[in-house]
Amino acid sequence: MPTKILYIERKLENGVSIEKVFRQIAKNLNQKEFYNSFQQLPFRNNTFGTLKNLFFFKSKKSDIFHITGHVHYIALILPSNKTVLTIHDLGILKIRKGLRRYVLKKILFDFPIRRLKFITTISETVKKEIVFHTKCDEKKIRVIENPLQDHFNSASKKIFNAEYPTILQIGTTPNKNLENVIKALSGIPCRLKIIGKLEDNILSELKTQKIDFVNVFNLNNEEIKTEYQNADLVTFCSLYEGFGLPIIEAQAMRTPVVTSNISPLKEVAGGGAVLVDPNSYLSLQKGILSLIENKILREKLIEVGLKNIRRFEPKKISHNYENLYREINDSNSRNKLF
């Protein structure tokens, strides 16, 4: 009989990037060997929601439980030898302070990692952060990168508009560094297309810098793909990321990328992007102008990008998870014999 994998998700609200990742992984598992299903936690990730999830969540019966991210604490009530926890980043520890940070660190990282046998993360950068903050054995954590969604592919690309390019910005949370992107675009004839809801301070900065912009959000997969298709270049100059899916999504759509010269973004880009200092808007500006003005550079980066994305083919990533699930089955089978 196929091994039953239950993917456990947070209660869906605004962001669904993690959920897209694991639905892509599940889709590409060997269907004869693995049967997969998904279950959302009933309550949100606020204080009371977390407590209610711990007390009232009842998982479906399964051979292996896989916590897909951001609800790490649910590992405390699942079988320790049959549960996989994937940690995408430790960003929350960068924005919380004092007692609240201490408590979150314990319930999201320290306790789950100590309790479980099987931990994965999406980049070597995040693995190092986990080891640094929790002092766990690095051998306990394996890196399995995120897959490229299989609907991101482009047989052709529109002509680059060097006179008035459309620049696509993915994300508006503080780590996405949108303020520096806006400053970098001041004086450059272009249209900035922003995906994500805008706060008042960002709207004010757009007005101050006199940026021609369009704002959209709550897009489905095909709509996001169309935005990549229609853009002349993509800015993804984050201050912090656990991985950086927009980089390889842009590469798959033959759209040149400007991204940060920090890990793991520079490793994900694989040489197929202009790298800039995210803390310097002048560095961003220089990188953006280099793509607008240099056709040869654009073509070279597109070519390198198309080769780079082969590393993230869904079947390759799913195969790595298949090996992990087999290891869990083998481990539990051995334990039953002794």
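The values are calculated or read from the model by the stated rules, or taken from the named source; none is laboratory data. Worth saying up front: this structure is predicted, and the values here are computed from it rather than measured. In this analysis, Cβ positions are derived from the backbone assuming ideal geometry, glycine residues included, and neighbour counts consider all displayed protein chains.
Descriptive notes on the structure:
- The set of residues in region 107-133 being over 20 Å from residue 82 (Cβ atoms), in a helix (DSSP H, G or I) and in contact with a His (Cβ under 8 Å, 6 or more places away or on another chain) consists of 107, 108, 109, 126.
- Which listed residue is touching a residue at least 12 places away in the same chain (Cβ under 8 Å) and of a type in the set (A, V, I, L, M, F, W, C), from 170, 159: 170
- Unmet criterion (only one of (1) in the same structural domain as residue 89 (by TED's automatic domain parsing); (2) of a type in the set (A, V, I, L, M, F, W, C); (3) in a helix (DSSP H, G or I)) for residue 184: (1)
- Residue in region 134-150 that is assigned to a helix (DSSP H, G or I) and either surrounded by 14 or more Cβ atoms within 10 Å (Cβ to Cβ) or outside the structural domain of residue 22 (by TED's automatic domain parsing) (or both) present: yes
- Matching residues in region 304-338 - criterion: being in contact (Cβ under 8 Å) with a residue 12 or more places away in the chain and closer than 30 Å to residue 165 by Cβ: 304, 305, 306, 307, 308, 309, 311, 312, 313
- Residues satisfying the stated conditions in region 187-207, i.e. out of contact with any Pro (no Cβ under 7 Å at 6 or more places or on another chain), of a type outside the set (Gly, Ala, Ser) and either in a loop (DSSP other than H, G, I, E, B) or under 17 Å from residue 233 (Cα atoms) (or both): 188, 189, 191, 192, 193, 194, 195, 197, 198, 199
- Residue match in region 102-121 (condition: more than 21 Å from residue 78 (Cα to Cα) and under 23 Å from the mean Cα position of the chain (by Cα)): no
- Search result, residues across region 308-327 that are over 18 Å from residue 119 (Cβ atoms) and out of contact with any helix residue (DSSP H, G or I) (no Cβ under 9 Å at 6 or more places or on another chain): 313, 315, 319
- Members of region 50-106 that are part of a loop (DSSP other than H, G, I, E, B), under 23 Å from residue 147 (Cα atoms) and not aliphatic (A, V, I, L, M): 68, 69, 70, 88, 89, 91
- Scanning region 74-119 for residues that are surrounded by 14 or more Cβ atoms within 10 Å (Cβ to Cβ), farther than 26 Å from residue 238 by Cβ and hydroxyl-bearing (Ser, Thr, Tyr) yields a total of 1.
- Some residue of region 216-229 being at pLDDT 95 or above and in a loop (DSSP other than H, G, I, E, B): no
- Whichever residue in region 162-172 is surrounded by 15 or more Cβ atoms within 10 Å (Cβ to Cβ) and of a type outside the set (A, V, I, L, M, F, W, C) and, among such residues, is farthest from residue 254 (Cα to Cα): 172
- Some residue of region 105-121 being within 30 Å of residue 258 (Cα to Cα) and at pLDDT 95 or above: yes
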